[in-house]
1. Scan the range 51-61 and give yes if some residue there is under 22 Å from the mean Cα position of the chain (by Cα) and within 16 Å of residue 119 (Cα to Cα), otherwise no.
2. Residues being in a strand (DSSP E or B) and surrounded by fewer than 13 Cβ atoms within 10 Å (Cβ to Cβ): count how many of those fall in the range 163-195.
3. Exactly one condition in (1) touching a residue at least 60 places away in the same chain (Cβ under 8 Å); (2) in contact with a helix residue (DSSP H, G or I) (Cβ under 6 Å, 6 or more places away or on another chain); (3) within 30 Å of residue 60 (Cβ to Cβ) is false for residue 112; which is it?
4. Within the range 149-157, identify whether any single residue is exposed (fewer than 13 other Cβ atoms within 10 Å of the Cβ) and in contact with a helix residue (DSSP H, G or I) (Cβ under 6 Å, 6 or more places away or on another chain), and answer yes or no.
5. Scan the helices (runs of 4 or more DSSP H) fully inside the range 10-110 and keep the ones with 2 or more residues being closer than 18 Å to residue 129 by Cα and either in contact with a strand residue (DSSP E or B) (Cβ under 8 Å, 6 or more places away or on another chain) or not assigned by TED's automatic domain parsing to the domain that holds residue 124 (or both).
6. Can you name the number of the only condition in (1) touching a helix residue (DSSP H, G or I) at 6+ places or on another chain (Cβ under 7 Å); (2) modelled with pLDDT under 95; (3) surrounded by fewer than 17 Cβ atoms within 10 Å (Cβ to Cβ) that residue 75 fails?
7. Given the criterion under 18 Å from residue 81 (Cβ atoms) and surrounded by 20 or more Cβ atoms within 10 Å (Cβ to Cβ), identify the matching residue among 26, 44, 35.
């Protein structure tokens with residue numbers, strides 16, 4: 001998964017000289033929590049978030065209509081005074097899982113996306129979560145199956161699943177394999193689509209794959225056997 005397919009392109013931006021009042025209105029108008037900040041040379045030079053405004057206005061006051069004295073105070077200050085200058089960025093071809101790791105490590109909510117030092121987008125923690133949900137969750141026409149296998153057999157998982165899908169004419173849409181912490185087994189999640197699901201599930205059991213959950217997107221998942 002690459003950032004380019006999940007980022008917001010042409011993000012709303014602020015200038016260093018933009019007042020904090022204007023920045024707040026931009027965030028409220030577009031229902032966003034952060035703005036990349038551009039220099040006079042049209043280069044990315046920082047990012048300002050809603051929480052960066054807290055030293056200037058109490059957070060509670062930002063939930064409703066801003067009192068005139070607080071609005072006036074925000075007009076007196078510029079984005080350059082509040083923004084973060086030490087940026088963490090990524091490129092459009094950065095793997096989404098690397099972005100997720102960076103967001104978690106740095107304890108931040110978004111990364112500006114640069115291509116040849118030019119701002120082309122922004123990727124947020126919500127975008128990463130949406131991508132993960134889109135890959136892992138069952139939909140209207142497909143089924144999510146979770147099963148566990150001994151860690152020593154994980155090299156055979158892809159081969160076995162593909163062969164079974166071919167045999168029972170199922171469309172294989174997703175395969176995720178992850179070692180279980182503190183266990184000698186791996187958790188496998190697949191999404192498949194096709195009419196012969198029961199035959200496929202029986203075949204998994206027949207090769208000693210322990211099926212844990214089967215979910216078709218209309219329930220919370222049910223265990224088999």
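1. No, the range 51-61 contains no residue that is under 22 Å from the mean Cα position of the chain (by Cα) and within 16 Å of residue 119 (Cα to Cα).
2. Number of matching residues: 3.
3. (2)
4. Checked the range 149-157: no residue is exposed (fewer than 13 other Cβ atoms within 10 Å of the Cβ) and in contact with a helix residue (DSSP H, G or I) (Cβ under 6 Å, 6 or more places away or on another chain).
5. Qualifying helices (runs of 4 or more DSSP H): 96-106.
6. (2)
7. Exactly one residue qualifies, and that residue is 35.
Residue-wise test of (1) modelled with pLDDT of 90 or more; (2) more than 17 Å from residue 149 (Cβ to Cβ); (3) under 22 Å from the mean Cα position of the chain (by Cα).
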| position | (1), (2), (3) |
| --- | --- |
| 168 | yes, yes, no |
| 178 | no, no, yes |
| 190 | yes, no, yes |
| 194 | yes, yes, no |
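The values are calculated or read from the model by the stated rules, or taken from the named source; none is laboratory data. It should be emphasised that the depicted structure is a prediction, and the values quoted were computed from it without experimental measurement. All Cβ positions, even for glycine, are placed from backbone atoms using ideal geometry, and neighbour counts span all protein chains on display.
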